[in-house]
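Undergrad: I'd like to ask you about the structure that follows.
The values are calculated or read from the model by the stated rules, or taken from the named source; none is laboratory data. The structure presented is a predicted model; accordingly, all values stated were derived computationally and were not measured. For neighbour counting, all protein chains shown are included, and Cβ atoms are generated from backbone atoms with ideal geometry for every residue, glycine included. To get the accessible areas, we keep the full protein, side chains included, count just its heavy atoms, and leave off ligands, DNA and RNA. Shrake-Rupley method; radii C 1.70, N 1.55, O 1.52, S 1.80 Å.
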Amino acid sequence: MVFGRGWKAKQEQLTDPGETQEAVADAGDSAGASSAVPVRGTTGPFDVSEIEDQDGYVDLGALLIAPAEGLQLRLEVEEATQRVVAVTMDLNGSSLQLQAFAAPRSEGLWDEIREQIAQSVGSQGGQIEEIQGGFGPELLAKLPASGTDASQGYRVARFIGVDGPRWFLRGVFGGEAAVDRDAAAGLEALFRQIVVVRGENPMPPRDLLQLRLPKDNAVPAPQSAPDLEQPERGPETTQIG
């Protein structure tokens with residue numbers, strides 16, 4: 001596993017509009033076939049109270065990540081404050097950006113956030129479709145983007161969200177994983193292994209849970225140890241409204 005700096009370019013790859021529409025339709029069809037949504041507590045992601053110990057995880061503060069062969073982790077920072085705001089899992093040419101937020105004790109955030117993401121995508125001239133996947137309701141977004149040769153295409157992203165005890169975890173798939181369920185399988189399995197560390201401090205709902213570099217850059221990895229690069233600013237899809 002490699003642990004490295006965040007980057008933006010791969011999440012902005014262009015696809016031909018016709019190809020994108022076909023791929024989006026295929027993704028929606030396969031997702032619609034999954035009508036049964038598993039219970040989070042038995043399949044993950046997990047709350048830190050639901051695991052026996054934290055040994056063997058990459059400790060990023062609010063998120064504990066299970067190491068995996070070929071996995072690359074990239075931290076992304078907010079330019080104005082220099083705080084870490086997201087971590088991106090990079091595997092086999094696809095990406096999954098992760099953010100964890102404080103949530104109310106009595107209700108989740110995902111229903112409301114889906115509406116706000118849809119409004120944001122629409123305001124940018126994009127299109128959005130709500131589909132049903134293995135984590136429940138998901139959003140498939142197409143945002144207009146220009147290539148280096150000024151050609152027009154779409155940037156595709158698939159949003160998933162999981163409400164936990166006093167936290168909300170959001171993921172954004174990029175690359176092939178956004179439109180191909182087979183390509184997303186590895187990242188989806190890693191998403192289910194994520195452990196969220198909410199902490200006991202009072203926090204307003206929607207506040208980002210604090211992420212950080214591993215202490216002393218020492219990352220426990222049973223099979224392979226990651227390399228470390230510096231973070232950089234995350235993409236616009238980090239916004240939730």
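Undergrad: Give me the accessible area of V87, 1.4 Å probe, in Å² rounded to the nearest 10.
TA: 0
Undergrad: Working with all protein chains in place, sort I51, I117, I128 by solvent-accessible area computed with a 1.4 Å probe, largest first. Intermediate values should be presented prior to the final figure.
TA: On the way: I51 35, I117 5, I128 65 Å².
Sorted descending by solvent-accessible area, the residues read I128, I51, I117.
Undergrad: Could I have the simple spin-label model distance between S106 and I51, label points 7 Å from Cα toward Cβ, reported in nm to one decimal?
TA: Result: 3.1 nm between the two label points.
Undergrad: Does segment 102-206 classify as rounded, prolate or oblate by the C-alpha gyration tensor (a ≥ b ≥ c root eigenvalues; a/c under 1.5 gives rounded; else a/b over b/c gives prolate, otherwise oblate)?
TA: Because a/c hits 1.5 or more and a/b exceeds b/c, segment 102-206 counts as prolate.
Undergrad: Moving on. Give me the percent of accessible area attributable to carbon and sulfur for segment 63-220, probe 1.4 angstrom.
TA: That fraction is 45 percent.
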